[in-house]
Amino acid sequence: MTRSEAMIPLILKHEGGFVNHAHDPGGATNKGITIETFRRLIKPGGTVEDLKQLTTEQAVIVYKRNYWDSVCAGLLPIGLDFTVADFAVNSGPMRAAKVLQAVVGVKQDGKVGPATLKAVRAMPTKDIIRQVNARRLAFMKRIRGGELWKHFGRGWQRRVDEVQAQSLRDAGTKRQFVKPRKSIWQILLSLFEGGQKWPNQ
């Protein structure tokens, strides 16, 4: 099992199922994927009813390609990969990358590249994990002047605490580059070869 295959289900667990909370700026959301993201990446013009039919298989593909890979989680130290990827799903890859870059002291361009990775390797992984999660919480508390924290703060705090605890437990584990299972990757290949027709669309 690859690292992404192990961690993405944990992110999905945090995101839960379909919600359409009046105070949530993302609007209708299923498995952490907002209606806007659903229309952009899966089904242009899709309705809320279509979003409700989103499969876990579809969500995993979106998470891997548009969040895990977008922040180069597969190149980050184990433990930090989960912290940054979960942040990316929750608040966007650009913000997660910029916070990571701020912590390690490089240009905050939102793109995790060689300079960022070099700076990451120069710092203790657990220190980075703690600082990224602390900044993530600080950002959450500032959203809309703290108004959203009143509604979602308890859940957000629990999520970040759980992410940090898991990340710190995993930190120091040696990354093993194993051949990924065929299931997810065959689906990805079929998407590109077949005009990106999503499963169960």
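The values are calculated or read from the model by the stated rules, or taken from the named source; none is laboratory data. None of the values given here were measured: they were computed from a predicted structure. When we count neighbours, we look across all protein chains shown, and the Cβ atoms used for this are built from the backbone with ideal geometry, even at glycine.
Scanning segment 26-39 for residues that are among the β-branched types (Val, Ile, Thr) and assigned to a helix (DSSP H, G or I) yields Ile35, Thr37. Cβ-Cβ distances below 8 Å connect the following pairs, each with a first residue in segment 129-152 that is farther than 19 Å from Asp170 by Cα, a second residue that is part of a helix (DSSP H, G or I) and basic (Lys, Arg), and a separation of six or more residues or different chains: Phe139/Arg95; Trp149/Lys141. Within segment 156-176, the set of residues being surrounded by 14 or more Cβ atoms within 10 Å (Cβ to Cβ), free of Cβ contacts under 8 Å to residues at least 24 places away in the same chain and either under 16 Å from the mean Cα position of the chain (by Cα) or assigned to a loop (DSSP other than H, G, I, E, B) (or both) comprises Trp156 only. Suppose the filter is within 27 Å of Arg3 (Cα to Cα) and either out of contact with any helix residue (DSSP H, G or I) (no Cβ under 9 Å at 6 or more places or on another chain) or β-branched (Val, Ile, Thr) (or both); does Ile61 pass it? Here the answer is yes, as Ile61 does meet what is asked.
The residue pairs whose first member lies in segment 40-52 and is in a helix (DSSP H, G or I), whose second member is surrounded by fewer than 16 Cβ atoms within 10 Å (Cβ to Cβ), and whose beta carbons are closer than 8 Å, counting only pairs six or more residues apart or on different chains, are Val48/Asn20; Leu51/Phe18; Lys52/Phe18. When you look at Lys31, is it in contact with a helix residue (DSSP H, G or I) (Cβ under 7 Å, 6 or more places away or on another chain), buried (at least 16 other Cβ atoms within 10 Å of the Cβ), of a type in the set (D, E, K, R) and farther than 21 Å from Leu10 by Cα, yes or no? No: the conditions fail for Lys31.
Screening segment 53-155 for helices (runs of 4 or more DSSP H) wholly inside it with 1 or more residues that are among the aromatic types (Phe, Trp, Tyr), touching an Asp or Glu at 6+ places or on another chain (Cβ under 8 Å) and surrounded by 22 or more Cβ atoms within 10 Å (Cβ to Cβ) returns the ranges 80-91.
Let's see how each residue does on (1) within 29 Å of Leu41 (Cα to Cα); (2) at pLDDT 80 or above:
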residue	(1), (2)
Lys150	no, yes
Gln176	no, no
Lys179	yes, no
Trp185	yes, no
Glu193	yes, no
Gln196	yes, no
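Selection of first residues in segment 13-35 that are closer than 19 Å to Gly145 by Cα and of second residues that are hydrophobic (A, V, I, L, M, F, W, C) and at pLDDT below 80, restricted to Cβ pairs under 9 Å at least 6 apart or on distinct chains, gives the following pairs, ordered by first then second residue: His21/Phe152; His23/Leu148; His23/Phe152; Asp24/Leu148; Asp24/Phe152; Pro25/Leu148.
Filter segment 34-52 for residues that are of a type in the set (A, V, I, L, M, F, W, C) and surrounded by fewer than 18 Cβ atoms within 10 Å (Cβ to Cβ); which is modelled with the lowest pLDDT? Here the residue is Leu41.
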